[in-house]
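Reviewing the structure listed below.
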Amino acid sequence: MLDISEETRRRGEEACDRLSEVFRKFDKNAQVCTERVLEAFRSNRVSEAMFAGSTGYGYDDLGRAALERIYAEVFGCEAGLVRIGFANGTHAIACALFAACDPGRTLVSAVGAPYDTMLGVIGVGDEKPRGSLAYYGVGYREIPATADGLPDVGAIVDAAKAPDVGAVLIQRSRGYSGRKSLSAAQITELYRAIKAANPNVNVVVDNCYGEFVDEREPEGDLLAGSLIKNPGGGLAPTGGYVVGKQELVDRAAERLTVPGIGGEVGATLGQSRLLFQGFFLAPTVVASALKTAAFAAELMRAEGIHTDPLPDADRHDIIQSLDFGDPKKLCAFCEGIQAGSPVDSYVTPEPWDMPGYDCPVIMAAGAFNNGASIELSCDAPMRPPYRAYMQGGLTFESGKLGVLLALDRYLKA
Ligand SMILES: *Cc1c(COP(=O)(O)O)cnc(C)c1O
């Protein structure tokens, strides 16, 4: 048996009882999303031959093409690019932005600053780093979120009307900011308002952490994300995706590989089955991650910890923030998450000076795929309010145990 006290186990069972309605909502959502995925597998006649994959250039890879059609169908788009050649989500979103915004035009970030790793891609600041959008002559403007953490729709639409604007970036997840995550419906509404104001603007949605959290995916001209988050279902070993308008997806493919060849190449190296199978499991895995997040919120709120979102709130991504207000308690919680991981459970996470951060960061992650945050993980910058961001959980049963271990360590600290 895991080292979890009887009292903590009892609290866990009570929390589950209180959350039964919330969990039912996540299950219903997974049911709706699974039906859409299964329908796409059927209509694209998925067969074992598609899993064989390709080597070398990767021309005429049946499975790759079918999976890209499936992604496009599930996301309600014309075309898809689903590749292990994307190193991460940042790479996929970068290709989407280069596809969406020509030199001499301006990119508008719709809801405040984008995710940290996108700053270098865009070239925010005066330096215009080589290779960034700024280096190639793409301007940049940011519309801050409102005081309530919501998109400032009027200001965004006004900004999109400017003749120099080439693209608008909408980030679905709050990422590591204090604002609210956007629902698919909110993004679709914003997309339509922007297109009505200026049909020449391309809207790019950073869809990371949001896939399958809502019954429908948001509308956009391009959507992009990481395969070691939601849509990889915990099985995809690496990669990213871009879906959207055919012409724009083709341009993103030419950015990923080379102009003139684009998506025609890209060997799948025997990974195709994992990408298919992961996408098939993804709605259920996302439901597990959502349950794990709500469970942690319910337990920690009872300890007086500020949680965002609240346990029973509508969720639009899989991230749960917990404000510990104290470095020792924060570290104890992270140690518990690490101890509850299937991989590297025996190591103790320590805060370290991670490149790109202005203070030490602690990270708990014991994942089958390195850095996969659809697997249970928790990270926090070591500064007030000592806020941990927890996400993932391949199964609710294991996520629950990880959170119970974390609560136990927290109570002892
Ligand atoms: C994870 C994430 C990204 C991309 O990050 P990678 O670590 O490169 O996969 C971008 N935007 C958001 C909101 C994210 O959560």
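From P144, P151, P129, grab the single residue that is over 20 Å from D221 (Cβ atoms), open to solvent by less than 60 Å² (accessible area, probe 1.4 Å) and not hydroxyl-bearing (S, T, Y).
Of P144, P151, P129, the one residue that is over 20 Å from D221 (Cβ atoms), open to solvent by less than 60 Å² (accessible area, probe 1.4 Å) and not hydroxyl-bearing (S, T, Y) is P129.
For segment 75-103, give me each residue that is open to solvent by 60 Å² or more (accessible area, probe 1.4 Å) and either in contact with a Cys (Cβ under 8 Å, 6 or more places away or on another chain) or free of Cβ contacts under 8 Å to residues at least 40 places away in the same chain (or both).
Matches in segment 75-103: P103 only.
If the requirement is being touching a strand residue (DSSP E or B) at 6+ places or on another chain (Cβ under 9 Å), farther than 30 Å from L274 by Cα, outside any strand (DSSP E or B) and not small (G, A, S), which of these qualifies: L330, L407, L411?
L330
V32: buried (at least 18 other Cβ atoms within 10 Å of the Cβ), assigned to a helix (DSSP H, G or I) and at pLDDT 95 or above, yes or no?
No: the conditions fail for V32.
Suppose we filter segment 72-110 for residues that are assigned to a loop (DSSP other than H, G, I, E, B), in contact with a Leu (Cβ under 8 Å, 6 or more places away or on another chain) and within 16 Å of the ligand (Cβ to nearest atom); how many remain?
Result for segment 72-110: 4.
Being within 24 Å of E189 (Cβ to Cβ), at pLDDT 95 or above and crowded, with 18+ Cβ neighbours inside 10 Å is the requirement here; does L107 meet it?
yes
Just one of L404, L411 is more than 23 Å from the chain's Cα centre (by Cα) and either modelled with pLDDT under 95 or open to solvent by less than 20 Å² (accessible area, probe 1.4 Å) (or both); which is it?
Only one candidate passes the filter, namely L404.
Which is among the small types (G, A, S), touching a residue at least 40 places away in the same chain (Cβ under 8 Å) and open to solvent by 40 Å² or more (accessible area, probe 1.4 Å), of A302, A380?
A302
Quick check: anything in segment 40-55 farther than 30 Å from D152 by Cβ, in a loop (DSSP other than H, G, I, E, B) and in contact with an Asp or Glu (Cβ under 6 Å, 6 or more places away or on another chain)?
Checked against the condition, which is being farther than 30 Å from D152 by Cβ, in a loop (DSSP other than H, G, I, E, B) and in contact with an Asp or Glu (Cβ under 6 Å, 6 or more places away or on another chain), segment 40-55 yields at least one hit.
From the list T238, T257, exactly one residue is out of contact with any strand residue (DSSP E or B) (no Cβ under 7 Å at 6 or more places or on another chain), within 12 Å of the ligand (Cβ to nearest atom) and farther than 14 Å from I318 by Cα. Which is it?
T238
Determine which member of the set R64, R130 is under 15 Å from L275 (Cβ atoms), more than 16 Å from the ligand (Cβ to nearest atom) and either modelled with pLDDT of 95 or more or in a loop (DSSP other than H, G, I, E, B) (or both).
Unique residue meeting the criteria: R64.
Mind listing just one residue for me: the one in segment 371-393 that is out of contact with any helix residue (DSSP H, G or I) (no Cβ under 9 Å at 6 or more places or on another chain) and not in a loop (DSSP other than H, G, I, E, B) and, of those, nearest to the ligand (Cβ to nearest atom)?
Y389
Mind checking which residues of segment 155-191 are within 16 Å of the ligand (Cβ to nearest atom) and part of a loop (DSSP other than H, G, I, E, B)?
Hits for segment 155-191 are R172, S173, R174, G175, Y176, S177, G178, R179, K180, S181, L182, S183.
Have a look at G225, G263, G210, G234 and point out the one that is part of a strand (DSSP E or B) and crowded, with 18+ Cβ neighbours inside 10 Å.
Just one listed residue meets the conditions, G225.
Out of I143, I122, which single residue is closer than 17 Å to V203 by Cβ and either within 16 Å of the ligand (Cβ to nearest atom) or among the small types (G, A, S) (or both)?
I122
Look through A287, A332, A282, A297 and report the one residue that is of a type in the set (G, A, S), surrounded by fewer than 23 Cβ atoms within 10 Å (Cβ to Cβ) and at pLDDT 95 or above.
A332
The values are calculated or read from the model by the stated rules, or taken from the named source; none is laboratory data. Since we're looking at a predicted model, the values are computed, not measured. Glycine also receives a Cβ, built like all others from the backbone with ideal geometry; neighbour counts cover every protein chain displayed. The accessibility values were calculated without ligands, DNA or RNA, using every heavy atom of the protein model including side chains. Shrake-Rupley method; radii C 1.70, N 1.55, O 1.52, S 1.80 Å.
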